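Colleague: Take a look at the following structure, please.
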Amino acid sequence: MSVGKSVHHDSAIGHVTGTSVFIDDRPRLKNEVFVGVIGAPVCAGKITKIDGSAAMKVDGVFGVFTAHDIPHNNWGTIVPEQPILAFEKIGYIDEPVCVIACRDEETFNKVKKLIKIEAKEEKPILSIDEAIEKKSILCEAKPFVRGNVDEVLKKSPHTLKGAFECGGQEHFYMESQATIAYPLENGQIEVHSSSQHPTETQHVVAHALGLDYSQVVCIVKRMGGGFGGKESQAAHFAAMAGLVAYKLNRPARLALTKDDDMMMTGKRHPFKNFYEVGFDDNGLVTALKVHIYANGGAYVDLTPSILDRAMFHADGCYYLENCYIEGKAVRTHQHSNTAFRGFGGPQGNMTMESIIEDIAHYLKKDSFEIRRLNLYGKESRNVTPYNQVVEHNVLPELFDKLHKDSDYEKRKAEIKAFNEKKNGKLRGLSMTGAKFGIAFTTKFLNQGNALVNIHLDGTIQVSTGATEMGQGVNTKMQQIAATCFGIPHTNVVMMPTSTEKNHNTSPTAASSGADINGGAVFKACEDLLSRLRWVFNELHNSGIQYDTIKTMPPVDLSVDLSHIEFVDSMVVDTKTKKSMAFKDLLKQAYLNQFSLAGYAFYKTPDLGFDKNTCQGRAFNYFTNGAAVSEVEIDEYTGELKVLRTDILMDLGRPINPGIDIGQVSGAFVQGMGWVTTENLFYHESGKLLAHSPTTYKIPNIQDTPRVFNVELLENHTNTRNVMRSKAVGEPPLLLGASVWTAVKNALFYRSKGEVPHITSPATNEVILMELNRYE
Amino acid sequence: MKTTNTITTKINDQRVEIKGENAFMTLGNFLRNEESLTGTKIVCAEGDCGACTVLIAKDVDASGKLEFKSVNSCILPLYLIDGAQVVTVEGIGKNVGMNIDLHEVQQKMIDHNGAQCGYCTPGFICAMAGAVEKVKSCGGTLSEKKAKNFLTGNLCRCTGYQPIIDAATSIDLNKVELLKDRYHSPEWISEMKTIKSQTVEMKFTDKSIFLPATLKEALKKKSEKNDVRLIAGSTDIGVVVNKGKLDTPDTMALYHIDELNVISHDDQFINVGATVTLTEFEDYVEKHFPEMSRLLRIFASPQIKNQGTVVGNVVNASPIADTIPFLMVSDAIVELESTSGKREVVLPKFYVGYKKLDIKADEIVTRVKIPVLAKNEKTRLYKVSMRKDLDISAVTFAARIVFDGKKMTKVSIALGGVAATVMRLSDIEAKLTGKDFSEKIFHEAAASLDQYIKPLSDLRASKEYRMLVAGNYFKKFALEIGGEL
């Protein structure tokens, strides 16, 4: 059985030999053109003139296109309000304003200075505080309310009030936004895009150009990383390439440089969350009031859903008997912020983890003790603020096991002794958790479809709406199909994602790729299996001869044939012990005119969150995890090292433990980067100055925790998902917060009893300035 | 002296000749666009992510075989690989048609799930293969520490690096057939020597390339054409050109000049020629002056160090350059040469203002002479940046003190990142000279710093932070030195 084994990634050989093909690796066609994008010169204002005439005179320039050239210049996943190319109003600096079609990138670099964009500048809004003051609200969400918060807060023995603030984060997928549009015959266009959402890309391209959806096919072979950055924001770049292809009737390639990509595309939302928390002498939270503010940037994009998820995760792993959780997103003159692994969840979760750390410092207790005390219970204290019961809750055993396995108490004592030495180094230790809700909170997105084609040699091609961005979703589906038919996983080939095979698909997002699409693959395989079992039964048990080719009666699904099993490339009737090779059965099925294609539709069952009452089953299940991080600070410079991290994750029964552990370590380090070195630095005028790896620092190989243990908890209780697995993509990112709370813990040793107050990311500078405050 | 107008190289064992303006292309773009070798990826185009890493051999090692080193192909112009042999990710395994026989590093990356999205993977494979070439040739092993150092120049956004570290440390060196053996060809090595002994001159309507074979030719060119752009490793110029901030119409690369590619020492000085790379410098001092090499560990990635030069770092004159503070407190000397003769300038005097040097229009910096550290000296070099490794400094600090017992007979202190140039703190030096060492006087010096420096705020740090760190470095230095006295 392939499921449960750590088979290697289905593209592994291609990746290590450089033969995997990404968008910009596609061979250049003779008549192909390069599409360069020019951005807005100011943060806010109106475009008064775009003059491309000088550029048009240069040899190798074939066209300069603006908003005026696009039949329908609007897009947006939730609200179609965003221009593909800015028309008059400028939403943010470097927002795409016009595209140049030219011979090659070199020509573009030469002529881009010749494009004259004039604008009437206005004063931009550049921060959450400013936006709140100017009432620049992008959207609001209904609050989650339980109990009487104000009353309880008044009566609480202790209260703490403050604001948790975290910065945005650049996705830094290695492959920047890229797309090629090929004009086909009869007005059709084939778009190859580095997109997490081929269906939306197809729709946006078609809509922009005034084509029918059926005239556009979007194909995604793979992405060089996505992390949410290509969920919504691949689409308008595809539309720009589509526009050029449509206008010139030539293949059009758009591949942004890293600098342009970072300046033009949205990022993780910065948040500022104001809170008041009440607690007793032991640290048990009695009431929590939170006002969440997300910086949506210039356009709506996916912000409302991200805000929702931040609210859904503001409880962290902790039961809140009385709570009031309110959310608003503000509109600013910055790149339109978008999906990023965790999708608001990390910002909500970290707020609560920060509060818990503060309670511990305030009470001069250890933060693990406070966490353990407030953790969701198994039989009681197990209902979320939105009234969903946390079923099969593993958090208590997860926290306890990690506490023990990581030697928490012993190390805490060692750290205390170490810090007393005052040798210029300061250490801290902290554990945080994750209880991540799995399902799109937009209910209708929880659907997928799959096509499974069995070939007569016993090998299989599978196509789904899932897109491969490195996370191994294709490998997992390969394993699911192989397990269903009892064949080696190498006999299953995952085909490029294409909207002509799988349409009306959801983005590969919300960690749900393998859940939804794997569910559909499983159903398609089940359909095929029932047909094949019936053929086997007819051949062996109904007296039909192998060599008598005649049309069989249609499949009778009321007959229970589950005793016919598919194992080791054989088909075996466990009752009669009769068997035949899988391949031979396929041949018989074919000769007897049975379809060897399976197509299935899957939707996540039983979701029922009511947006009006803010109550109900928002999630199919929760993926849980916890991490303990130990950090060391250089007291002269504020430099931070992560000495050790131990992670324990609950992933149900993993389909591929090797791939999942890679997801855990990758997500953790990405989360760690967000809370430490990844600082989006803007000029006071609003321009992003950190727009390349020289100026924006994602973790490097030396930053990975010196000791890094990742373990998976054994858990067979998740019956709500394919093969009893659990989703893995986003949840471990939340655990990066443990590094940040460990910094707080370290600072507490020097803060002279004060509750340390730092923002995220905790850069060297943030840390040193806080240390300096204690002097 | 023979002059040609062709760049000759070998890419994955195929001989390639480049004529015409393509010689200005970067190796990365050439591989992808002209050779259809799209395994090499271009991500940042500034030598800071490693996705474009390939191996090049410009020289032979002690065994007479090609010495393959990792470089960033995105900032390497083709004219700098004249006579070099290139191996890309496509040439790491043994490929026959569509059939691939994997190299050990490739196999281990697969076994340990070292590749997720796959975009950084070819760069990692090449950097790892480069590590294996060096480590196995020296008879060592690829420890975790070494593996991380060799892979410092490669960013990965998917794996969190742990699977890659696991892959690297599980490599069985016995199973590795070294590229220098697989691609060994005495004919090519002899041709390589011939190519490098030739002068290359390529002229186009609006630009030209000149690769003189001798210093004499180079000096003549510089005196005739003062504004010719000098190139050593191109690790800095390559970035500026890629970002559209500089055009290099007339270029002279020093790379064929043997006499500039020499590092040597005598009783007084280590002499570092203009084209000696940072790797060569590091290896040399590690062998001859180990205490000095410790100071240089914080510098850049292997890819940059394999291409960039010490002299390049000096003449680029950045206020946040990593070698300058150290060279400045060492009283290093810059040697300049023109057709009319040689002269020497001591380093602090070489810097006149922001990126302004004491250099005449017809002069070339031929070498840097670094005084050898004496036994009674204490030297430290500190650097802080946003990220510990592979990052540009926010503040640098270097101090060198000559002791006579407890008495400080000579004090040299330099700070970088706090002014338009790296600066020596001569007033503080004067105050400390002749005094007995104590932590207290360094704390006093730290407190007086605001009289001498006025740092600026930028994206790397605020002026307040820079001020604070500069002072703290005095305290740190005093604490460390105090412990050793």
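Colleague: What residue among B:Cys52, B:Ser185, B:Ala147 has its Cα farthest toward the positive end of the dipole of the range B:1-195, where the charges are +1 on Lys, Arg and -1 on Asp, Glu, each on the Cβ?
Modeller: B:Ala147
Colleague: Over the range A:1-91, calculate the relative contact order: mean separation of alpha carbon pairs under 8 Å at least 6 apart, over the residue count, as a percent.
Modeller: In percent, rounded to a whole number, it is 26.
Colleague: Distance in nm between label sites at A:Ser53 and B:Glu224, each 7 Å beyond Cα in the beta-carbon direction?
Modeller: Going from the A:Ser53 label point to the B:Glu224 one covers 4.4 nm.
Colleague: Using +1 at the C-beta of Lys and Arg and -1 at the C-beta of Asp and Glu, which of A:Phe708, A:Asn721, A:Asn679 has the Cα lying farthest in the positive direction of the dipole of the range A:660-735?
Modeller: Of the listed residues, the answer is A:Asn721.
Colleague: Still on this structure, I have one more. Report, largest value first, the span of the C-alpha coordinates of the protein assembly as shown along each principal axis, in whole Å.
Modeller: 103, 78, 67 Å, listed from the longest principal axis down.
Colleague: Shifting gears a bit: Would you list, by chain and number, the aspartates and glutamates whose Cα falls below 14 Å from the Cα of B:Lys180, excluding same-chain residues fewer than 8 positions away?
Modeller: B:Asp13, B:Asp59, B:Asp61, B:Glu67, B:Glu133
Colleague: Describe numerically, in nm with one decimal, the distance between label points set 7 Å from Cα along Cα→Cβ at A:Glu379 and at B:Ser36.
Modeller: 7.0
Colleague: Let me ask something else. Could you size up the charge dipole of chain A around its Cα centre, putting +1 on the beta carbon of Lys and Arg and -1 on that of Asp and Glu, and report it in debye to the nearest 20?
Modeller: It works out to roughly 40 debye.
Colleague: How much length would be gained if the chain were fully extended between A:Asn541 and A:Glu775, taking 0.36 nm per residue of separation minus their Cα-Cα distance, in nm to one decimal?
Modeller: Full-extension gain reported as 75.5 nm.
Colleague: When you look at the Cβ of every residue in B:118-131, what mean number of other chain Cβ atoms sits within 10 Å?
Modeller: Working: counts 19, 14, 6, 11, 6, 2, 3, 4, 1, 1, 1, 0, 0, 0.
Average neighbour count from other chains, rounded to a whole number: 5.
Colleague: A follow-up question, please. Sorted by packing (mean other beta-carbon atoms within 10 Å per residue), highest first, where do A:295-304, A:719-728, B:116-125 land?
Modeller: The most tightly packed comes first, giving B:116-125, A:295-304, A:719-728.
Colleague: Can you tell me the dipole magnitude for the range B:380-482 around its Cα centre, using point charges on the Cβ only (Lys, Arg +1; Asp, Glu -1), in Debye to the nearest 20?
Modeller: For the range B:380-482, the charge dipole is close to 140 debye.
Colleague: Would you kindly calculate the mean projected area, averaged across all directions, of the convex hull enclosing the Cα atoms of chain B, in square nanometres? Could the numbers behind the result be given before it?
Modeller: On the way: hull surface 93.7 nm².
Computed as one quarter of the Cα hull surface, the answer is 23.4 nm².
Colleague: Which Rg and Dmax, in Å, describe the Cα atoms of the range B:265-371?
Modeller: 13.3, 39
Colleague: I would also like to ask the following. Stokes-Einstein diffusion coefficient for the range A:461-602 at 25 °C in a medium of 0.890 mPa s, Rh from the Kirkwood formula over Cα pairs: what value in µm²/s?
Modeller: Working: Rh = 16.1 Å.
My calculation gives 152 µm²/s for D.
Colleague: While we're here: Ordered by packing density, taken as the mean number of other Cβ atoms within 10 Å over each peptide's residues, highest first, how do A:767-773, A:266-272, A:249-255 rank?
Modeller: A:266-272, A:249-255, A:767-773
Colleague: For chain B, calculate the relative contact order in percent as a whole number, restricting contacts to Cα pairs under 8 Å that are 6 or more residues apart.
Modeller: Values: 975 pairs, mean separation 54.4, N = 485.
Reported as a whole number, the value is 11 percent.
Colleague: When you look at the Cβ of every residue in B:460-471, what mean number of other chain Cβ atoms sits within 10 Å?
Modeller: Whole-number average of other-chain Cβ neighbours for B:460-471 is 4.
Colleague: Another question, then. Could you go through the range B:408-424 in sequence order and give the Karplus-derived ³J(HN,Hα) for each residue, using 6.51 cos²θ - 1.76 cosθ + 1.60 with θ = phi - 60°, rounded to whole Hz, and x for Gly and Pro?
Modeller: The phi angles translate into 8, 8, 9, 10, 10, 9, 10, 10, x, x, 10, 7, 5, 10, 5, 10, 8 Hz.
Colleague: For A:Lys89, enumerate residues with amide H under 5 Å from its amide H, sequence gap 5+ or separate chain, H modeled in the peptide plane.
Modeller: Residues meeting the amide H criterion: A:Ile47.
Colleague: OK, next. Whole angstrom only: what separates the Cα centroid of the range A:33-76 from the Cα centroid of the range A:608-649?
Modeller: 43
Colleague: Provide the packing ranking of A:324-332, A:168-176, A:341-349, B:164-172, i.e. peptides ordered by the mean count of other C-beta atoms within 10 Å per residue, highest first.
Modeller: A:341-349, A:168-176, A:324-332, B:164-172
Colleague: Hey, got the average number of other protein chain Cβ atoms within 10 angstrom for residues in A:665-671? Walk me through the numbers on the way to the answer.
Modeller: On the way: counts 10, 11, 2, 2, 7, 4, 1.
Partner Cβ neighbours, averaged per residue: 5.
Colleague: I would also like to ask the following. Amide H neighbours of B:His103 under 5 Å, counting only residues 5+ apart in sequence or on other chains, H built in-plane at 1.01 Å?
Modeller: Those qualifying (amide H under 5 Å, at least 5 residues apart or on another chain) are B:Gly93, B:Lys94.
Colleague: Which ³J(HN,Hα) values, rounded to whole Hz and listed in residue order, are derived for the range A:93-110 from phi using the Karplus coefficients 6.51, -1.76 and 1.60 in 6.51 cos²θ - 1.76 cosθ + 1.60 with θ = phi - 60°, glycine and proline given as x?
Modeller: 5, 6, 4, x, 10, 8, 10, 10, 9, 9, 5, 7, 5, 4, 4, 4, 4, 6
Colleague: What ³J(HN,Hα) values, in whole Hz, does the Karplus curve 6.51 cos²θ - 1.76 cosθ + 1.60 give for the range A:636-648 when θ = phi - 60°, with x put for Gly and Pro?
Modeller: 7, 10, x, 5, 10, 10, 9, 7, 7, 9, 10, 10, 10
Colleague: Further, regarding this structure: Remind me, what semi-axes does the range B:391-430 give for its equivalent ellipsoid, largest first in whole Å, using sqrt of 5 times each Cα gyration tensor eigenvalue?
Modeller: Over the Cα atoms of the range B:391-430, the semi-axes work out to 24, 11, 5 Å.
Colleague: Sticking with this structure for a sec: For the pair A:Gln215 and B:Asn99, what calculated FRET efficiency results from E = 1/(1 + (r/R0)^6), where r is the Cβ-Cβ distance and R0 = 41 Å, to the nearest 0.05?
Modeller: On the way: r = 40 Å, r/R0 = 0.98.
After rounding, the FRET efficiency stands at 0.55.
Colleague: Between B:Glu439 and B:Arg294, with labels modelled 7 Å along Cα→Cβ, what's the label distance in nm to one decimal, could you check?
Modeller: 2.0
Colleague: Calculate the dipole size of the range A:10-89 relative to its Cα centre from +1 charges on Lys and Arg beta carbons and -1 charges on Asp and Glu beta carbons; express the result in debye to the nearest 20. Walk me through the numbers on the way to the answer.
Modeller: On the way: 7 positive and 9 negative charges, 47 e Å.
In debye, rounded to 20, the range A:10-89 gives about 220.
Colleague: Of A:Lys425/B:Lys383; B:Lys410/B:Lys463; A:Lys155/A:Lys611, which pairs sit farther than 23 Å apart, going by alpha carbon to alpha carbon?
Modeller: Cα-Cα > 23 Å for B:Lys410/B:Lys463; A:Lys155/A:Lys611; rest within.
Colleague: Rounded to whole Å, give me the distance from the Cα center of the range B:399-425 to that of the range A:678-700.
Modeller: 33
Colleague: In Å, the Kirkwood hydrodynamic radius of the range B:390-483 over pairs of distinct alpha carbons?
Modeller: 13.6
Colleague: Can I ask one more? So who's got an amide H within less than 5 Å of the one on A:Ser725, skipping anything under 5 residues away but keeping other chains? H placed 1.01 Å off N, in plane.
Modeller: When sequence neighbours closer than 5 places are left aside, the close amide H contacts are A:Arg653.
Colleague: Compute the separation of the alpha-carbon centres of the range B:61-102 and the range B:456-484 and state it in Å as a whole number.
Modeller: 42
A short reminder: the numbers here are calculations on the coordinates, not readings from a lab. For clarity, every value in this text was computed on a predicted model and none was experimentally measured. Counting neighbours? That spans all protein chains shown, and the Cβs are built from the backbone with ideal geometry, glycine included.
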